[in-house]
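Visitor: Please see the structure below; I have some questions.
The values are calculated or read from the model by the stated rules, or taken from the named source; none is laboratory data. Keep in mind the model is a prediction, meaning the values are calculated, not measured. All Cβ positions, glycine included, derive from the backbone under ideal geometry; neighbour counts span all protein chains shown.
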Amino acid sequence: MENYILKSAACLAVFFAFYKLVLENTSFHHFKRFYLLGGLVASFLIPLITFTTYVETSPSTLILNEGNSQEILSEGPASINYWPAILWTIYGLGVLFFSVKFFRNLFGLIQKIQKNPKFRNRSFINILLTETVIPHTFFSYIFLNKEQFEHDEIPSEVMLHEEAHARQKHSLDIVLIEVFQILFWFNPIFYFLKRSVKLNHEFLADRAVLNAGSETSHYQKILLAFSIPNNYQETESPSLAHSLNYSSTKKRFKAMKTRTSSRTILLRSLLLLPLLSLLIYGFSTKKVENIKHSSQILEGKPFLKVHVIGKTITVNDAETTISNFASAVNAVTNDWSKKDFRLYELNIKEENVSDSYRDRINAEFRKTNLAKQSEGENIYILGSFGGLPQPPMPPSIYDNVPGPNQPVEHIKAMEKMDAIFLYNDKSITAEKAIELLKTNKNLAVQTTLNDPKPPVVTISKRSDDRLIQHKANKAEIAEYNKLAKAYNAANNKNQVIKKKDLERLHSLYGKMSIEQKGSSEPFPNIPPPSPPAPKPIKVKSGDNNNVPPLPPPPPTPKISYNKKVKSNKSMDKAIYYYNDMVITPQRATELLNNNKKLKVYITKTEDGNGTVTLSETPIYNNNDKSLKTPSAENKNLYMAAEAPPAPNADPVKYIKELGKRGAVFYIGPHKYSLEEAIKMVEKSENEVTIDTSNYPDVHLGGC
């Protein structure tokens, strides 16, 4: 507090000295008025300006002397410092004295206004006093001698002078300075400042009289007449009012004759810029803040590091398997407190990870204590970085940086920190990163801090948006229930459903969370549309040439494979498929020779014959889309999904059995994991239907 008072007093003294030396003798009176008030306010604001310098400190080592040296302290009576109490008492007495003086003057003016007759003259009010007084003004009130006013003995120049004070609200300036003077009565600058402000007010009022057309010599004679004390019983006006004979008559006469050129005023005003700069530099507050070295930032903070390279998983640099992934993460977080779960550091890295493997890791992660802290079912650690709540960035320079959930703002902030931006393992500019994020909503952002090296911002594709928890609002749930209830009530083979309604049902159902789906109407079991009828063959009358001949019977299968398909006597009676059409073994061999992208998939049937399918796209056998490994048993050929098991009266048990054999579950167009499908069936109060006609795709109805 002492430093602030001294700095503000010094600033005020510099402003006032500049006024006395450079501005007071100019004729730019309006500018001087606002300079004096502005300098007063600025002198209290400049010391509050703070410039902060951040200094990075390196870890320090405390060296202790382990010798046997002892220090003997002499205990004496504690001395009491009375100076603060004495100084505050003196300050309080000063504030009390000047407050009493201020309110006494104010009360005296109010008493005069209330007890004496008033005469309204436009926007001014003349207060007519019985005693002989020098005309003076307080706000819009002009105090005059009643007898002189009634006999019209007061010169018009005097009335113009006082009306100028009232019109320009000079009393506001005086009241403001009086309040500051009460609080800072010990600063003598305020006394000089108040005198200069009131003198400048007189300059302004004198200028208003002369601008109204009065002759300078005549007006000066009037001022001299009013400056003679013997002509009045009361020669001194209240300190809050403006009196005609205030201050030095000589200075006022000189100001009437002074004419300052515009160029001089401009040059002197420009001197304010270096003056203000010096004051801010000299009297503002300098603050030095120490920030911890980057090696100290993470000290004592919980840390989780998960790296997945191909199918190699490490948790905090310890290698683990996918089956033990949840246990490895729990081992790291077992000793964490609730605060640690909010403030932990997270380091995620994945390279060459397939979608199916990523899904399995995410499924294992949902079993961990860390995932349960997020209070959500659809939480994931790989793929889209928005799935796991990110811990806050380290302190200091990263405190006010927008998080990755505001990607564009985050990129702009990290650009200022010279961050490196990566996309598809290639360096890109910040502008390119912003463009990618704006045009592709499936991209996510992850930032890795590498102090003292620049941060690394990685932009990657969200792997599986279905893992993000969605929720529909009440209006959307009500709309879905209305449509689903209508079509469930009329559900039959000949049912007709509007395409618009079907698309809306899919859209609304996709937005709903698992809880919302369980408490809503089941998705209608809508039969697939009938296949289009084959186009009739046009035959001209009497002409049988354009009738296609019947296909010849297939020859006895003789399997002759290329290097992809080896001879196998057990497959002699197999049926061959390509693009869902039956083909001959010779045609299969021809296709394999001409198309190197084709792969062979064999399905064993109960009669032992089996089927052979040629396809460029993989044929999956379970929900993680992994193919059975080729083995010598099946002649190095891929094995497709097994046939579905026999139905079970208990739908939950049947679904579990289907899941063990690699089924993929759907409700409507939406895909669900085995656990989610079981949960939906258990929650359903309706009759559940299980359609295995497109096995391994299993469609559930009534959920």
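Visitor: Determine if region 415-438 includes at least one residue that is modelled with pLDDT of 80 or more, of a type in the set (D, E) and over 23 Å from the mean Cα position of the chain (by Cα).
Guide: Within region 415-438, none of the residues are modelled with pLDDT of 80 or more, of a type in the set (D, E) and over 23 Å from the mean Cα position of the chain (by Cα).
Visitor: Next question. For region 78-119, give me each residue that is outside any helix (DSSP H, G or I) and either farther than 27 Å from Q168 by Cβ or not assigned by TED's automatic domain parsing to the domain that holds F186 (or both).
Guide: A78, S79, I80, N81, Y82, listed by residue number.
Visitor: Just to confirm my filter: which strands (runs of 3 or more DSSP E) fall fully inside region 626-703 and include at least 2 residues that are in contact with a Leu (Cβ under 9 Å, 6 or more places away or on another chain) and either at pLDDT 85 or above or outside the structural domain of I602 (by TED's automatic domain parsing) (or both)?
Guide: Values: elements: 664-667, 670-672, 689-694, 697-701.
Output list reads 664-667, 689-694.
Visitor: Any chance you could count how many residues in region 324-350 are surrounded by fewer than 14 Cβ atoms within 10 Å (Cβ to Cβ), touching a residue at least 40 places away in the same chain (Cβ under 8 Å) and either in contact with a His (Cβ under 9 Å, 6 or more places away or on another chain) or not in a helix (DSSP H, G or I) (or both)?
Guide: 1
Visitor: Test P117 against the stated conditions and say whether it is at pLDDT 90 or above, surrounded by fewer than 12 Cβ atoms within 10 Å (Cβ to Cβ) and not aliphatic (A, V, I, L, M). It would help to see each step written out before you state the result.
Guide: Numbers: at pLDDT 90 or above: yes; surrounded by fewer than 12 Cβ atoms within 10 Å (Cβ to Cβ): yes; not aliphatic (A, V, I, L, M): yes.
Against the criterion (at pLDDT 90 or above, surrounded by fewer than 12 Cβ atoms within 10 Å (Cβ to Cβ) and not aliphatic (A, V, I, L, M)), P117 qualifies.
Visitor: In region 153-191, how many are farther than 26 Å from Y219 by Cα and either crowded, with 16+ Cβ neighbours inside 10 Å or touching a Pro at 6+ places or on another chain (Cβ under 6 Å) (or both)? Step through it out loud before you land on a result.
Guide: Taking region 153-191 as the starting set, the residues that turn out to be farther than 26 Å from Y219 by Cα are 172, 175-191.
In the following step, the residues that additionally are either crowded, with 16+ Cβ neighbours inside 10 Å or touching a Pro at 6+ places or on another chain (Cβ under 6 Å) (or both) were identified as 177-178, 180-182, 184-185, 187, 189-190.
Summing the residues that are farther than 26 Å from Y219 by Cα and either crowded, with 16+ Cβ neighbours inside 10 Å or touching a Pro at 6+ places or on another chain (Cβ under 6 Å) (or both) in region 153-191 gives 10.
Visitor: Another question, then. Against the definition (over 49 Å from the mean Cα position of the chain (by Cα), of a type in the set (D, E) and closer than 16 Å to L36 by Cβ), how does E157 come out, yes or no? Reasoning before the result, please.
Guide: On the way: over 49 Å from the mean Cα position of the chain (by Cα): yes; of a type in the set (D, E): yes; closer than 16 Å to L36 by Cβ: no.
It is false that E157 is over 49 Å from the mean Cα position of the chain (by Cα), of a type in the set (D, E) and closer than 16 Å to L36 by Cβ.
Visitor: How many residues does region 333-359 contain that are of a type outside the set (F, W, Y), under 28 Å from E676 (Cβ atoms) and under 31 Å from the mean Cα position of the chain (by Cα)?
Guide: Residues that pass the stated criteria total 6.
Visitor: Sticking with this structure for a sec: Among the residues of region 679-699, which ones are more than 17 Å from S519 (Cβ to Cβ) and surrounded by 15 or more Cβ atoms within 10 Å (Cβ to Cβ)? Break it down into steps so the answer makes sense when it comes.
Guide: Let us first name the residues in region 679-699 that are more than 17 Å from S519 (Cβ to Cβ), namely 687, 689-699.
Within region 679-699, I690, T692, Y695, P696, D697, V698, H699 meet the criteria.
Visitor: Filtering region 249-298 down to residues that are in a loop (DSSP other than H, G, I, E, B) and at pLDDT 80 or above, which residue is farthest from the chain's Cα centre (by Cα)?
Guide: Residues of region 249-298 in a loop (DSSP other than H, G, I, E, B): 258-261, 271, 284, 293, 298.
From the residues that got through so far, the ones that are at pLDDT 80 or above too are 258-261, 271, 284.
On the way: T258: 59, R259: 57, T260: 54, S261: 53, L271: 43, S284: 31 Å.
By that ranking, first place goes to T258.
Visitor: Given region 120-206, what helices (runs of 4 or more DSSP H) lie entirely inside it while holding 2 or more residues that are at pLDDT 90 or above?
Guide: Numbers: elements: 146-150, 156-167, 170-183.
Hits in region 120-206: 156-167, 170-183.
Visitor: From the list F180, F138, F143, which residue is within 48 Å of the chain's Cα centre (by Cα), among the aromatic types (F, W, Y), within 20 Å of R104 (Cα to Cα) and not assigned by TED's automatic domain parsing to the domain that holds L23?
Guide: Numbers: F138 fails: within 48 Å of the chain's Cα centre (by Cα); F143 fails: within 48 Å of the chain's Cα centre (by Cα).
Going through F180, F138, F143 in turn, the sole match is F180.
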